[in-house]
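Asker: Below you'll find the structure I mean.
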Amino acid sequence: MPSATDVFVIGGGPAGLAAAIAARQQGLSVMVADGAKPPIDKACGEALMPDAMTALDRLGVAVPSQDGCRLRGVRFLGSGFSQPGLEADADFPSGACGLAIRRTVLHSALIDHATESGVDLLWHTAVTGLSPACSHTNVEIGGREVRAHWIIGADGAYSRLRRWANLETHSRSALRYSFRRHYRLRPWSNRMEVYWGRHSQGYATAISDQEVCVAVASHDPKLRLDEALHEFPELKARLRGAEVSSVEKGSISANRKLRRVWRKNIALLGDASGTVDAITGEGLGLAFNQALALADALRTGNLVAYQSAHRSLALRPMLMARLLLTLDGRPRFQQRIMKTFRQRPEIFRRLVAFHVGSLSPLNLALDGLTLGWGLLTA
């Protein structure tokens, strides 16, 4: 193990590995430490939006598409409404594609590329503290210290580094609880499907030609998949008789915005730097783009620039999360929205375009006027 490095990354999940790879692209030496054993799994919808795929391409990460499924667009379905059959469907703009892939497969691909890039990976290695010095920081691991010029925190929503660096000040929306499981059956769609229920949302995404990822999200921490599926009869019917191929895993989701994401020679990214509700499916794409922005800032030694880039990158996903969460728990409003999408499909197409970064907030605001009129006349 080297006794010094330019960049020390705490956390070896996708965000931390992306940060390490991006820093290596800038010619910096990098070490990553994580107490877990890879590949690391996490309860999520496992869909990468087109902008996430673009960021992975910039990182030089070749995701094995044969191990996943190409996503062509998004479909909203009005499950549990008094009027069945309401849905909205749109392709991603300009022929762009996303990719749905098992989280563990994605993590393995990132590990392989980080290793090829020359990143020193320390698994089963917990960071226990920091010892600031004049021009660097000593990272305490396993009874020894590593000298680092930059420290990156990618250690999740409950980041210890964020606490050590006194960067905890944040605002947060109400917590939501997500649960995910996989089913072995042939996929029925190349869309990321979102089922809108009265008290929760369901998600279905094909991750291979023989497996589908299904998740639910709600404000009820006790609501599990089997019970939640009663609210989505179409989805429940498709899963009837299918073999369950993974254990149910849960996670907590919320919009969390930090006042600052850096201090001195410490920077945060991914969930450690703030979170966007999982309803957007933008968590990984946001982290990958933050990694690229942070690497540019490290090259110039200007973390103020990273703060600005971080704020800009989070703006669209945060706005999208707030827009979608206005539908949460409001079945009558959901029904009117879905009716408007059906009557004016161009609005939903442009909403999807904004979701993946192909449409400006100004254009979306203009569409909002059209949507408002549609709601009045639906």
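The values are calculated or read from the model by the stated rules, or taken from the named source; none is laboratory data. Since we're looking at a predicted model, the values are computed, not measured. Cβ sites come from the backbone with ideal geometry, for glycine too, and all protein chains shown count toward neighbours.
Asker: Do we find a residue being at positive phi, surrounded by 14 or more Cβ atoms within 10 Å (Cβ to Cβ) and of a type outside the set (D, E, K, R) anywhere in the range 140-150?
Answerer: Yes, because at least one residue in the range 140-150 is at positive phi, surrounded by 14 or more Cβ atoms within 10 Å (Cβ to Cβ) and of a type outside the set (D, E, K, R).
Asker: Got at least one residue in the range 163-172 being closer than 22 Å to Ala314 by Cβ, of a type in the set (Lys, Arg), in contact with a helix residue (DSSP H, G or I) (Cβ under 9 Å, 6 or more places away or on another chain) and assigned by TED's automatic domain parsing to the domain that holds Asn302?
Answerer: Checked against the condition, which is being closer than 22 Å to Ala314 by Cβ, of a type in the set (Lys, Arg), in contact with a helix residue (DSSP H, G or I) (Cβ under 9 Å, 6 or more places away or on another chain) and assigned by TED's automatic domain parsing to the domain that holds Asn302, the range 163-172 yields no hits at all.
Asker: With the condition kept exactly as written, say whether any residue in the range 315-337 is under 22 Å from Leu17 (Cα atoms), outside any loop (DSSP other than H, G, I, E, B) and either not polar (S, T, N, Q) or not assigned by TED's automatic domain parsing to the domain that holds His219 (or both).
Answerer: Within the range 315-337, one or more residues are under 22 Å from Leu17 (Cα atoms), outside any loop (DSSP other than H, G, I, E, B) and either not polar (S, T, N, Q) or not assigned by TED's automatic domain parsing to the domain that holds His219 (or both).
Asker: Here's another thing I want to ask about it. Which is without any contact (Cβ under 8 Å) to a residue 24 or more places away in the chain and not in a loop (DSSP other than H, G, I, E, B), of Arg163, Arg147, Arg180?
Answerer: Arg163
Asker: Something else about it: Go through the range 257-274 and count every residue that is within 19 Å of the chain's Cα centre (by Cα) and more than 22 Å from His136 (Cα to Cα).
Answerer: Of the residues in the range 257-274, 5 are within 19 Å of the chain's Cα centre (by Cα) and more than 22 Å from His136 (Cα to Cα).
Asker: Could you please let me know if Ser94 is polar (S, T, N, Q), in a helix (DSSP H, G or I), more than 24 Å from Ala217 (Cβ to Cβ) and in contact with a Pro (Cβ under 8 Å, 6 or more places away or on another chain)?
Answerer: So Ser94 does not fit the description; no.
Asker: So, one more: Pull up the range 87-116, narrow it to residues that are surrounded by fewer than 19 Cβ atoms within 10 Å (Cβ to Cβ), more than 25 Å from Val247 (Cβ to Cβ) and of a type outside the set (Asp, Glu), then point me to the one that is modelled with the highest pLDDT.
Answerer: Here the answer is Thr115.
Asker: To continue, here is another question. Can you go through Ala295, Ala228 and tell me which one is crowded, with 23+ Cβ neighbours inside 10 Å, assigned to a helix (DSSP H, G or I) and outside the structural domain of Leu110 (by TED's automatic domain parsing)?
Answerer: Every option except Ala228 fails the conditions.
Asker: Separate question: Taking the conditions exactly as written (outside any loop (DSSP other than H, G, I, E, B), without any contact (Cβ under 8 Å) to a residue 40 or more places away in the chain and not small (Gly, Ala, Ser)), does Thr54 satisfy them or not?
Answerer: For Thr54, the condition - outside any loop (DSSP other than H, G, I, E, B), without any contact (Cβ under 8 Å) to a residue 40 or more places away in the chain and not small (Gly, Ala, Ser) - is met.
Asker: What residue, among those in the range 269-284 that are farther than 20 Å from Ala204 by Cα, in contact with a strand residue (DSSP E or B) (Cβ under 7 Å, 6 or more places away or on another chain) and not in a loop (DSSP other than H, G, I, E, B), is modelled with the lowest pLDDT?
Answerer: By that ranking, first place goes to Thr275.
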